[in-house]
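Take a look at the structure set out below.
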Amino acid sequence: MCVMIEKYRNIAPDGILSEIRALAGALEGRTLQHVSSTRSGGGVAEILHRMIPWTVSLGIPTTWDVIDGRQDFFEVTKSMHNALQGADVDISCCDKEMYLAHLGQNASRLNLDADVVIVHDPQPAFLIDHFLSRRKSMVWRCHIDLSRPMPPVWRFLRPAINKYAMAVFHIPHFARKDITVPKVLISPSIDPLSEKNRELHEEEITDIVEGFGIDRKRPLIVQISRFDRFKDPIGVITAFRQVRRHFDCQLALAGGSATDDPEGPAVQAEIEEVAAGDPDIFVLFQPTDLQVNALQRAADIILQKSTREGFGLTVTEAMWKGKPVIGGAAGGIPAQIIHGETGFLVNSPEGAAYRIRYLLSHPHIGVAMGGKGREHVRYNFLITRHVRDYLLLMLHVMSNESEKPIFVSGPAGKRIRRNS
Ligand code: UDP
């Protein structure tokens, strides 16, 4: 009996747990390696911290390497990240050379020798050039919205991606036609047993949020996100101020940065300036996982007003806590929010304000939406489904048939539909 599987009994769908057990039997002793650009901050690190103990517990030795670099290296990778998600920036030849040289130094200290190696996101993607003899066991895992990249930056990255055995995307929209290697869809996930998502007692929630000065008797709107312009924190404040003309309510904007994101402090300063002197706006820096959990559970409505988004794990976390979510119609958010059923998709601060007002006026509708959102997450976005998909991916990569196109991810048997 696998202890890890049993912990998720009665939380995750039973069918998925049986599939994990069967697949793990076929993979015992095989090795898995992840490579990413940060161990803290952002969705990739969030998932890997929870995923690695899972695969290890299934008898698959799993390691996680992180590339390192100076501040100027991460400034270039952040520009690359922004440009690939559509921001109007280019990268100079000099910066490209510096970036490639730094990555070469990383390559000389790394040993990518597991049966399957998953390289996450663009930052470490060019490592493939240093491990071409291992390319058949290397998979590129994309966590960002590649649907509208700046062409010069995409032309720089694309040849590297096309050397991998396969590329994995969150949603079909990101799986570009000009990627010629087999493409696989696997959506991200949250861990319902993590400190960030476990159940909390009401008293615990109250203690934590009152500690921030938040009044639990008045409605609370929450957005939790890295301090990043694509998450549109200023748009959130604009929407909130429009709502507050009609409703006595509060806003908590909690966020932090990641070690591979040098823009965080500047964005935080902008937010603090715009929010300054407003007693109903709480700007909270670097909350702990437990504080994130309590804020999400204390919220009446959760926002994720991104203008660009990879997937938006904060949306998944919010839906799991039974909250209605108002999200920007960007990236992976529309793959999660079923408009009008589990929340609303919006395209502007005005749209967000309109939907917030609607939900504050009809709290019973928010509660019903939250309930549907939780079931949607249970069947589609829990870590158990993600583990199952990674095991299938490993089997496929090791089958030496990785040239053949496949599909991996699918719901665990149930979808929430409109008017269901
Ligand atoms: N997060 C956090 N503290 C913060 C901001 C974000 O713990 O101050 C977490 C958030 O709860 C989520 C992850 O970081 O689990 C962000 O993932 P998402 O996919 O929403 O966005 P990304 O940062 O990867 O663009």
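The values are calculated or read from the model by the stated rules, or taken from the named source; none is laboratory data. These figures come from a predicted structure and were not determined experimentally. Positions of Cβ are backbone-derived with ideal geometry, glycine not excepted, and every protein chain shown enters the neighbour counts. Note: areas computed on protein heavy atoms with side chains; ligands, DNA, RNA excluded. Shrake-Rupley method; radii C 1.70, N 1.55, O 1.52, S 1.80 Å.
Within the stretch 234-255, if we keep just the residues that are free of Cβ contacts under 8 Å to residues at least 40 places away in the same chain and not in a loop (DSSP other than H, G, I, E, B), the residue that is nearest to Gly86 (Cα to Cα) turns out to be Gly255. Residues of the stretch 50-91 that are within 25 Å of Phe381 (Cβ to Cβ), in a helix (DSSP H, G or I), in contact (Cβ under 8 Å) with a residue 12 or more places away in the chain and of a type outside the set (Ser, Thr, Tyr): Arg50, Met51, Ile52, Pro53, Trp54, His81, Leu84.
Of the residues making up the stretch 118-165, those that are over 20 Å from the mean Cα position of the chain (by Cα) and in contact (Cβ under 8 Å) with a residue 40 or more places away in the chain are Leu127, Lys136, Ser137, Met150, Pro152, Val153, Trp154, Phe156, Leu157, Tyr164, Ala165.
Quick one: in the stretch 378-402, of everything that is β-branched (Val, Ile, Thr) and touching a strand residue (DSSP E or B) at 6+ places or on another chain (Cβ under 7 Å), which residue is nearest to Thr55 (Cα to Cα)? It comes out as Ile383.
To keep it simple, each residue is scored yes or no on (1) more than 12 Å from the ligand (Cβ to nearest atom); (2) among the aliphatic types (A, V, I, L, M); (3) open to solvent by less than 10 Å² (accessible area, probe 1.4 Å).
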{"site": "Glu309", "(1), (2), (3)": "no, no, no"}
{"site": "Gly322", "(1), (2), (3)": "yes, no, no"}
{"site": "Gly328", "(1), (2), (3)": "no, no, yes"}
{"site": "Ile333", "(1), (2), (3)": "no, yes, yes"}
{"site": "Glu341", "(1), (2), (3)": "yes, no, no"}
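All conditions but one from (1) open to solvent by 20 Å² or more (accessible area, probe 1.4 Å); (2) among the acidic types (Asp, Glu); (3) within 10 Å of the ligand (Cβ to nearest atom) apply to Glu272; the one that does not is (3).
A quick yes/no check of all residues on (1) under 18 Å from His386 (Cβ atoms); (2) open to solvent by less than 20 Å² (accessible area, probe 1.4 Å); (3) touching a Phe, Trp or Tyr at 6+ places or on another chain (Cβ under 6 Å); (4) within 14 Å of the ligand (Cβ to nearest atom):
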| site | (1), (2), (3), (4) |
| --- | --- |
| Gln33 | yes, yes, no, no |
| Ile47 | yes, yes, no, yes |
| Ile60 | yes, yes, no, no |
| Trp64 | yes, no, no, no |
| Asp68 | no, no, no, no |
| Glu75 | no, no, no, no |
| Ala83 | no, yes, no, no |
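Among the residues of the stretch 222-240, those identified as within 16 Å of the ligand (Cβ to nearest atom) and open to solvent by 40 Å² or more (accessible area, probe 1.4 Å) are Arg226, Arg229. For the stretch 394-418, a residue qualifies if it is closer than 25 Å to Met319 by Cβ and at pLDDT 90 or above, but none of them does. Against the numbered list (1) under 19 Å from the mean Cα position of the chain (by Cα); (2) open to solvent by 10 Å² or more (accessible area, probe 1.4 Å); (3) within 13 Å of the ligand (Cβ to nearest atom); (4) farther than 27 Å from Val66 by Cα, Thr314 comes up short only at (4). Regarding the stretch 110-124, can at least one residue be identified that is open to solvent by 20 Å² or more (accessible area, probe 1.4 Å) and farther than 30 Å from Leu382 by Cβ? Yes, the stretch 110-124 has at least one match.
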